[in-house]
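Participant: Input: one structure, supplied below.
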């Protein structure tokens, strides 16, 4: 099971990247009422996290699902609904562990060791299910106000209290001086491009030793550590853009980064899981800062 999950999801991501497509970019413009929250959702409305976000986004894109809600076969039955005959489910995973007793060959003492592993179960998009209550299928009655969505993003990043400087023609995070550098707002083709880029750099900002202390041994452009950190920033930005209802845009260095990610994923089938987990922690950290400020107010 463990090997199959890692291999299956890694190969799916690789197949997208090898076609020049970032599989985390598109699927959050769902014409569905729950699309206001654009991560994939469980039947109870709770968003999925980490690798399951990326996996279900890819499933939705591949099958053309607009609804972001996913449900188990049993949950459908409990709601007096049924999965259509012939429909194929999608895999979601969660971490579990088992305890193994080992005997030290020298001392003869017994020790217990926790062994982590992945477990999985099958879910179906609500568009594969008939007879659910109407809210599971509800369309958006009107378009969201884009001005309000951008204002919300502006507030979100200001609340992190990260040092964000503007000027020049490059966006980057300066780790030694701990600041984010952004081109002027007017240099971007639209407001969403600005905030999506800022989400990418804010994810880098979380790696500082005073925050999440994330280090992949990044030394220079193009090495494995650099590629992994950029992949974390890409996924972190995708998660944040999803939560803030922002559309991501493709950066000008699109092709070069894709080539480096293909190299990393080909060499390690766990890499996309690791990157997704770190990206989720970064998004959680930035969202948690909003809560801290709210409590202090």
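Participant: If you check residue 74 against the conditions, is it at pLDDT below 95 and not in a loop (DSSP other than H, G, I, E, B)? Can you show your working first?
Facilitator: Details: at pLDDT below 95: no; not in a loop (DSSP other than H, G, I, E, B): yes.
Against the criterion (at pLDDT below 95 and not in a loop (DSSP other than H, G, I, E, B)), residue 74 does not qualify.
Condition check ((1) modelled with pLDDT under 95; (2) part of a loop (DSSP other than H, G, I, E, B); (3) surrounded by fewer than 21 Cβ atoms within 10 Å (Cβ to Cβ)) across all residues:
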| site | (1), (2), (3) |
| --- | --- |
| 4 | yes, no, yes |
| 27 | yes, yes, no |
| 86 | yes, yes, yes |
| 91 | yes, no, yes |
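Participant: Taking into account only those residues within segment 140-162 that are loosely packed, with under 12 Cβ neighbours inside 10 Å and part of a loop (DSSP other than H, G, I, E, B), which is modelled with the highest pLDDT?
Facilitator: 161
Participant: With respect to residue 279, determine if the residue is modelled with pLDDT of 90 or more, on the phi < 0 side of the Ramachandran plot and within 16 Å of the chain's Cα centre (by Cα).
Facilitator: On the way: modelled with pLDDT of 90 or more: yes; on the phi < 0 side of the Ramachandran plot: yes; within 16 Å of the chain's Cα centre (by Cα): yes.
So residue 279 fits the description; yes.
Participant: Where residues in segment 29-44 are modelled with pLDDT under 90 and assigned to a loop (DSSP other than H, G, I, E, B), which of them is surrounded by the most Cβ atoms within 10 Å (Cβ to Cβ)?
Facilitator: The residue in question is 38.
Participant: For residue 126, state whether it is modelled with pLDDT of 80 or more, surrounded by 17 or more Cβ atoms within 10 Å (Cβ to Cβ), touching a strand residue (DSSP E or B) at 6+ places or on another chain (Cβ under 6 Å) and more than 18 Å from residue 277 (Cα to Cα). Quick ask: steps written out before the conclusion?
Facilitator: Working: modelled with pLDDT of 80 or more: yes; surrounded by 17 or more Cβ atoms within 10 Å (Cβ to Cβ): yes; touching a strand residue (DSSP E or B) at 6+ places or on another chain (Cβ under 6 Å): yes; more than 18 Å from residue 277 (Cα to Cα): yes.
Taking the combined requirement at face value, the residue satisfies it.
Participant: Do we have any residue at all in segment 92-101 that's within 18 Å of residue 12 (Cβ to Cβ) and either touching a strand residue (DSSP E or B) at 6+ places or on another chain (Cβ under 7 Å) or free of Cβ contacts under 8 Å to residues at least 60 places away in the same chain (or both)?
Facilitator: Keep residues of segment 92-101 that are within 18 Å of residue 12 (Cβ to Cβ), which gives 92-93.
Next, only the ones that are either touching a strand residue (DSSP E or B) at 6+ places or on another chain (Cβ under 7 Å) or free of Cβ contacts under 8 Å to residues at least 60 places away in the same chain (or both) stay: 92-93.
There is at least one residue in segment 92-101 that is within 18 Å of residue 12 (Cβ to Cβ) and either touching a strand residue (DSSP E or B) at 6+ places or on another chain (Cβ under 7 Å) or free of Cβ contacts under 8 Å to residues at least 60 places away in the same chain (or both).
The values are calculated or read from the model by the stated rules, or taken from the named source; none is laboratory data. On a predicted model such as this, the values are computed, not experimentally measured, just so you know. As a convention, Cβ positions derive from the backbone with ideal geometry for all residues, glycine included, and neighbour counts pool all protein chains shown.
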